[in-house]
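Below is one structure, written out as structure tokens; the observations come after it.
Nothing in this text is a laboratory measurement; each read-out follows from the coordinates by a stated rule. These numbers were taken from a predicted model, which means no experiment stands behind them. Neighbour counts run over all protein chains shown; Cβ positions are idealised from the backbone, glycine included.
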Amino acid sequence: MIRSMTAFSRQECNTPFGDITLELRAVNHRYLEINPRLPDELRAFEPKIRSLLGERLNRGKIDCTMRYAPPQIREEKLTINETLVKQIVEATRVIDGILYEPAQVSSLNLLRWPGVINSAPIDEAQILATATELLEGAITDLIEMRESEGDKLRQIILQRCSAMEEVIEHVKTRLPEVLELSRNRLEKRLAEMTQTDAADGNRLEQEMVMLAQRLDVDEELDRLETHLGEIRKILEQSKPVGRRLDFLMQELNREANTLGSKSADIETTQASVELKVLIEQMREQIQNIE
């Protein structure tokens, strides 16, 4: 099953040692790019994030955002780190001796200083274990969403393939008629020639043969059908196929352009344009396939 590169997953967990929230956002990208955004308490978790995402994803820009809220202090008595407070106060006095107009230090400001209020030690092992479970669950959800979106993209691409096959079949059906009309125009020119122009008759007959060869688009139509068949096979594969499909879009576009350059009537030209429109529609969808 093919996968889209666009998806979102959110996991959260409330524990006695704090609340953890994890979000994964994925968008299309040429390669796999992982951007962790972590709080200080979870900085050590970054290598694990890159490892787990790298094992299960192949392409896409992945933003991994984690938030951690320590447990709320309720009935426990607040304890102050008096040693740290004294050091801060002493430092402020030194600074006051330098400043012309020293500002008064507020006790509330001191309470906001990191480490002034003694907090219960955090069990980092439990936090990392919980974060790992959340990440594995988020990756699973992300992949499921990618596969669901990928199935929709697959249906869209198959619809465009069927539409292209109808256009190709129409061109094949009209090809003998187009060649016959071109032959009639050349024969009319030959019939209108006078005896004095007989010397040019052989040249026009040669041009008729050359024109028939130039208008022969069987090879281009066969290659278009071959590429479409290959696309259908690729869409049944479970491995990443985005780059391969993108390459086939270039090949399809090349054959459609050649068909247009060999066109001898307005309907064939319109068919070439319609093919290129369908190819571009497929290309837009394929840009988002892993």
**Request:** Would you list which lysines come within 30 Å of K152, measuring only between C-alpha atoms, while excluding same-chain residues fewer than 8 positions from it?
**Result:** K61, K233, K239, K276
**Prompt:** What length, rounded to one decimal in nm, is gained on full extension from I266 through to T15, with 0.36 nm per residue of separation minus their alpha-carbon distance?
**Reply:** 83.3 nm
**Item:** Candidates per GluC sites (Glu not before Pro) in the stretch 232-282, loop by DSSP, up to 14 other Cβ within 10 Å
**Value:** E236
**Stokes-Einstein D for the stretch 1-137, Kirkwood Rh over Cα pairs, 25 °C, 0.890 mPa s (µm²/s)** = 134
**Solution diffusion estimate, µm²/s, Stokes-Einstein, the stretch 79-118, Kirkwood Rh from C-alpha pairs, 37 °C, viscosity 0.692 mPa s** = 307
**Item:** Simple label model, 7 Å out from Cα along Cβ direction - D218 to V277, nm
**Value:** 3.0
